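Structure record follows, encoded as structure tokens.
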Amino acid sequence: MEHVLTPEERERFDVIRACIDGDLKNAEAAARLRLKKRQIQNLKRAVGKYNEQGVIHGNRGKGSKRATDKKTKQAITDFLKKKECAGFGPTFAQEQLHKRGIATISRETVRAIMSENNLWKPKEKKSREIHRQWRERKALRGELVQYDGSYHRWLEDRGEEECLLAAIDDATNDIVAVFEENEGVHATFRFWQEYFERKGLPVAIYLDKFSTYKINHKNAVDNAELMTQFKRAMNDLGIEVINANSPQAKGRVERLFGTLQDRLVKEMRIAAISDRDAANTFLKEKHLPDHNKRFTVTPRSAGDAHRPLTEEIRKRLPAILSVQSKRTVNNDFTIQFKNTWYQLEAVQETTVFKGDTVTIEERLDGTIHIRLRDMYLAYTALPKRPKPIRMKITALTREKPRFVPPPGHPWRKAFLTKKLRHDF
């Protein structure tokens, strides 16, 4: 009986035919079909004898000689369908079938029969732990820096729970660390501003995606937007952000926290440290210099991959390391942000239209800057929401508008006539 070739068998036949005709060598055919050369030789003989049927397995269409006969399978099914057999698993069912003389078959055969007849549902297999291959350290300092935060009772019963932010160089084990209330946007930006000013810009930063524990932690106030703001800032600085999907992926910084929770806690206990400021002073002046001296390793390659801060980047750094939000210019040239109203001044360095989208920068020094097309707008914060008025001008420019504001409008007030310039 001849069988119709499947697409895979047709491809196999074409390769073997080409091999027989001399268009392909045995090694090439074996590589294409992912077989051994001995198997290619066997297939060539079979095709030479049976043509295209030679690539079809000889057992196709034939039943297994070891298959359980239909009568036995039916007896097993009838027994297991009984009410008293409800809930049987394959192993227990096999034992009962043998004990009662119904059938002596393997557990896997019983499992297959029960599955076919919906008498047993396989349990979902638990995913095996991912095999984690050891990764060699980076060759240069500054090539990869691992970063994380650890909430812990660092001061034990002498103070509140603190968050230790730490970064460890993958090539050298050199660490930078500071105590903060949380690992939110402002705390993280403060940490990295100090890091950049001391060491420069690393090539890549490896950090986690901020677990549910951290997001729901009582001190974690703004973790939800941290990754968005952090990635945007690092992209502006040309630093790659790599997200770790597990604690094991950033093992160096995880092990670092284990070491610090053992050593640093005891050292601060001996030094009677009881507040965050004193802890940071002790950390910076005593612990970190000693730790880095003892545990820093020599990198495989000399040199430093950190990029130094240029004068241009240093000037832009406060803007880059700010929390940025988008807002729309209202019809009266006001902007609302976090329950505060800001009135744009009548004269601006760039043209401002109603409905323009501006960027609000909340900088680390607490100041607010409003940016449009890389230009900073002059504004004044209003004590309360202004009364809505119909403005007869369409845009603010470098020239003072001819529009005469009504009495009480912010543009009429003397303290608003002074231009506020927010230089980049």
Scanning region 70-101 residue by residue, the ones that are at pLDDT below 80 and either over 51 Å from the mean Cα position of the chain (by Cα) or over 13 Å from residue 120 (Cβ atoms) (or both) total 2
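What number of residues within region 351-392 are outside any strand (DSSP E or B) and on the phi < 0 side of the Ramachandran plot?
19
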Restricting region 281-303 to residues that are in contact (Cβ under 8 Å) with a residue 40 or more places away in the chain and not in a helix (DSSP H, G or I), the one nearest to residue 166 (Cα to Cα) turns out to be 296
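Against the condition in contact (Cβ under 8 Å) with a residue 40 or more places away in the chain and assigned to a helix (DSSP H, G or I), how does residue 73 come out, does it pass?
Values: in contact (Cβ under 8 Å) with a residue 40 or more places away in the chain: yes; assigned to a helix (DSSP H, G or I): yes.
Yes, satisfied.
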* Can you confirm whether region 310-318 contains a residue that is in a loop (DSSP other than H, G, I, E, B) and either in contact (Cβ under 8 Å) with a residue 60 or more places away in the chain or of a type in the set (Gly, Ala, Ser) (or both)? => no
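Being over 27 Å from residue 180 (Cα atoms) and surrounded by fewer than 14 Cβ atoms within 10 Å (Cβ to Cβ) is the requirement here; does residue 334 meet it? Don't jump to the end; show me each part of the working.
On the way: over 27 Å from residue 180 (Cα atoms): yes; surrounded by fewer than 14 Cβ atoms within 10 Å (Cβ to Cβ): no.
It is false that residue 334 is over 27 Å from residue 180 (Cα atoms) and surrounded by fewer than 14 Cβ atoms within 10 Å (Cβ to Cβ).
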Residue pairs within 7 Å by beta carbon, gap of at least six or interchain, first lying in region 101-116 and touching a residue at least 12 places away in the same chain (Cβ under 8 Å), second in a loop (DSSP other than H, G, I, E, B) and basic (Lys, Arg), listed first then second, are none
Of the residues in region 367-392 that are within 15 Å of residue 354 (Cα to Cα) and loosely packed, with under 14 Cβ neighbours inside 10 Å, the one that is nearest to the chain's Cα centre (by Cα) is 373
Filtering region 259-274 for residues that are closer than 16 Å to residue 168 by Cβ and among the hydroxyl-bearing types (Ser, Thr, Tyr) leaves a count of 1
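The values are calculated or read from the model by the stated rules, or taken from the named source; none is laboratory data. Note that the coordinates shown come from a computational prediction; the quantities given were computed from them, not determined experimentally. Reconstructed Cβ throughout: ideal geometry from the backbone, glycine too, with neighbour counts over all protein chains shown.
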